[in-house]
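The values are calculated or read from the model by the stated rules, or taken from the named source; none is laboratory data. The structure displayed is predicted, hence computed values, not measured ones. Glycine gets a Cβ as well: all are built from the backbone with ideal geometry, and neighbour counts include every protein chain shown. For the accessible areas, the whole protein counts, side chains as well, though only heavy atoms, and no ligand, DNA or RNA atoms are used. Shrake-Rupley method; radii C 1.70, N 1.55, O 1.52, S 1.80 Å.
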Amino acid sequence: MAQPLMPHATASWLVDNTALSFEQIAEFCGLHILEVQAIADDTAATKLTGRDPVRAHELTQDEIEKGQADPNYTLKMSKGPDQVRRTKGPRYTPVSKRQDKPDGIAWIIRNHPEITDGAIGNLIGTTRTTIAAIRDRSHWNIANITPKDPVTLGLCSQRELDAIVAKAAKAAGIEAPVDNKLEGDRAALIQSLRNERDQAARDAEGGDAALLPGGLHDPFKRA
């Protein structure tokens, strides 16, 4: 069953402005009857500001009157609350990270000038005006902006950044940068293992040379 958008505030209004039973209010608002009782007794954690479900078009006055006339009547909602849907636009960035956006934008501009302002805006979730201000150094806080990797700042994923870098490089007719770090680490690891193996072999040969025929150790052989 659909419930009002603000059930506790709606219950508070119904308690103060109608003669509906606590059971009816609890059922309509999707609350436990003890919660409604607490609201009525002003023992809830905070005093709620009532929300009129009639003005919100969630309940009609006729429904209220039917409920007041019959304690066993179940109130019927006129319509459920409108669902909030995210509209198309810049990606959402948590408030805690929004102050890091200029640093991430500056990093992209410095390291990947081929990326368009539109692509940066979609990746970071910012406006072309902000990007242009950072690009031409007219941003109001330019003195405190330090270029930082947007992936490290948590503004986007490495996959997303690599994708727009590759797309921009292709559009500009340049070769996209290739990260050879992992390949270099792999080669270094292989060489290190080879060196350890060769050293172990030399140590084994030195130990064998110190033994006399028959496996006896030469007491006069210097270590």
Item to check | Selection within the range 157-187 - modelled with pLDDT of 70 or more, over 25 Å from the mean Cα position of the chain (by Cα) and open to solvent by less than 100 Å² (accessible area, probe 1.4 Å) | outcome: 168, 169, 171, 172, 173, 174
Checklist entry - Restricting attention to the range 1-31, which residues are open to solvent by less than 60 Å² (accessible area, probe 1.4 Å), of a type in the set (S, T, N, Q), closer than 16 Å to residue 61 by Cβ and assigned to a helix (DSSP H, G or I)? => result 10, 24
Checklist entry - Among the residues of the range 101-156, how many are open to solvent by 30 Å² or more (accessible area, probe 1.4 Å), among the polar types (S, T, N, Q) and closer than 21 Å to residue 171 by Cβ? => result 3
